[in-house]
Amino acid sequence: MRYPSIDRLLQTSQARPWFNEFPRPQIVQGLRQAVQEAREAGLARQEEELVQRAESLLRQSVQPSLVPVINATGVLLHTNLGRSPLSSRALEHVQQLCSGYCNLELDLESGSRGHRDRHLHKLLKQLTGCEASLAVNNCAAAMLLIVDEFARGREVLVSRGELVEIGGSFRIPEVLQRGGARLIEVGTTNRTYARDFAAAVTPETGMILSTHLSNFAQMGFVTAPEPSELVSLARQHGIVSVLDLGSGLLDRHRLPVGLLEPDILSSLAQGWDLVAFSGDKLLGCAQAGFVLGKSEYIQRLSRNPWMRALRLDKLRLAALQGGLLDHLLGANNLPLQAMLNQSSENLKKRAQRLARKLPGARVAACRSSIGGGTTPGQELDSWAVCLKVEQADQFARKLRQGNPSVLTRIQEGKIWMDLRTILPEQERALVLALQ
């Protein structure tokens, strides 16, 4: 079976406009692939059919795989969906500071070289009163940096009840091992006392570490030492005390009434030498790992050779600067904070309005979770739009692969769409996707 030559296909009227959009080698590759598919299938194809198939292949080849998603799952900090959405101010800062040049490492007053972390420290100090601060790629990087600097070749004391796996193979014992430290397990899984830590201190001890339990909670016959006891013990022996706070809640008033989570302000007040937390969880900003604490320790971290590999670039610094400004000027400008503060009544009204546009849809009360390794076992009242469809799995798959992509949850054989995580400006696009 004979097929038109690639040169002949390049001269067709349908193919000629492609040269204004695609490089010639890419066009040739698309045509060759279209012909090869027809040849392997043993199908006769006209010029027009081959060109149409080649155009489809060309457009697929430049279609980005990273696309916007409407999150209708009810999980606010959905790790697979990028956790916190960025605020308008954060996006504006990225546009303004990254479309040209900026003073990333330049002191504008002296004209000499500056340090990139100072841009965030001014805001962090206003928000938390911290003595010094540092920002790296994420909280895991922050912990690796801390262990490398203060505990390489030394012992780190950790309660057995806090030897957690946060997710994505991030395990506290393995992080300590990678940082060159020796893990010393203290107490038992459910009950650990300050006296257990005191008994475990040796001349080889370099750090006392407490970690946020993240994705689970301990209940029942449980005891843990007070933070003040561990901080006091560390000071008594000249050991660095470190809290891996993880979730990055600024203060407890930023959560709806009834939800509990350790926060940055309270943790700093407890006197820890260093407190580490994430930027893209309950802080509602871009991905980062913040370390706040004593100036002498932060300075040591900033001089660590790993800092060059872990430091933030101008895009994320710009986004973080915008997000931290939101906390100073009005936290409800942060999309995450707005989602948290939506009342059940408002969500019900939004769900009813959306359901009226979808034949057969009904409204039902549901529960949202914050996610992202925060507030384990705690949920928020919410409202959802439910659709009864045949083959819910296939319907959900079509929604995921649509434009825009829509991620739902399947419950009782129906499609559930939780309004708490659907941004108001996305409702029109969601209706079009469903129709």
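A few remarks follow.
- Any hit, the stretch 412-423, residues being farther than 20 Å from P68 by Cβ and either without any contact (Cβ under 8 Å) to a residue 24 or more places away in the chain or not in a strand (DSSP E or B) (or both): yes
- Condition check for I166: touching a residue at least 60 places away in the same chain (Cβ under 8 Å), crowded, with 17+ Cβ neighbours inside 10 Å and part of a strand (DSSP E or B): yes
- Residues that are under 16 Å from the mean Cα position of the chain (by Cα) and of a type outside the set (A, V, I, L, M), drawn from the stretch 42-72: P68, N71
- Residues that are in a helix (DSSP H, G or I) and among the charged types (D, E, K, R) were ranked within the stretch 277-331; the one that is surrounded by the fewest Cβ atoms within 10 Å (Cβ to Cβ) is R308.
- Close pairs from the stretch 128-157: first assigned to a strand (DSSP E or B), partner among the polar types (S, T, N, Q), Cβ under 7 Å, at least 6 apart: A132/S295; L134/S302; E155/T202; E155/T205; L157/T205
- If you filter the stretch 107-127 down to residues that are without any contact (Cβ under 8 Å) to a residue 40 or more places away in the chain and surrounded by 15 or more Cβ atoms within 10 Å (Cβ to Cβ), you find that the one that is nearest to H327 (Cα to Cα) is H121.
- Among (1) under 26 Å from L265 (Cβ atoms); (2) touching a strand residue (DSSP E or B) at 6+ places or on another chain (Cβ under 9 Å); (3) not in a helix (DSSP H, G or I) - the single one H115 does not satisfy: (2)
- Within the stretch 341-362, the set of residues being buried (at least 17 other Cβ atoms within 10 Å of the Cβ) and either in contact with a helix residue (DSSP H, G or I) (Cβ under 7 Å, 6 or more places away or on another chain) or modelled with pLDDT under 95 (or both) comprises Q342, L347, R350, A351, L354, A361.
- Among the residues making up the stretch 175-202, those that are part of a helix (DSSP H, G or I) and at pLDDT 90 or above are A194, R195, D196, F197, A198, A199, A200.
- Here A396 qualifies as buried (at least 17 other Cβ atoms within 10 Å of the Cβ) and over 20 Å from K348 (Cα atoms).
- Residues that are within 22 Å of G153 (Cα to Cα), exposed (fewer than 15 other Cβ atoms within 10 Å of the Cβ), more than 30 Å from the chain's Cα centre (by Cα) and not hydroxyl-bearing (S, T, Y), drawn from the stretch 174-228: A199, P203, E204
- Of the residues contained in the stretch 91-106, none is found to be outside the structural domain of Q401 (by TED's automatic domain parsing), closer than 30 Å to P376 by Cβ and modelled with pLDDT of 95 or more.
- Which numbered condition E109 misses (of (1) modelled with pLDDT of 95 or more; (2) more than 25 Å from W306 (Cα to Cα)): (1)
- Identity of the residue in the stretch 12-63, of a type in the set (V, I, T) and in contact (Cβ under 8 Å) with a residue 24 or more places away in the chain, that ends up surrounded by the fewest Cβ atoms within 10 Å (Cβ to Cβ): V62
- Single condition Q337 does not satisfy, out of (1) of a type outside the set (D, E, K, R); (2) within 24 Å of G413 (Cα to Cα); (3) not in a loop (DSSP other than H, G, I, E, B): (2)
- Hits in the stretch 23-75 - residues which are in contact with a strand residue (DSSP E or B) (Cβ under 6 Å, 6 or more places away or on another chain) and among the hydroxyl-bearing types (S, T, Y): T73
- As a summary of the residue check, R152 satisfies the conditions (1) out of contact with any helix residue (DSSP H, G or I) (no Cβ under 8 Å at 6 or more places or on another chain); (2) at pLDDT below 90 except for the one numbered (2).
The values are calculated or read from the model by the stated rules, or taken from the named source; none is laboratory data. This is a predicted model, so every value here is computed, not measured. Don't worry about glycine lacking a Cβ; one is built from the backbone with ideal geometry, like all the others, and counts go over all protein chains shown.
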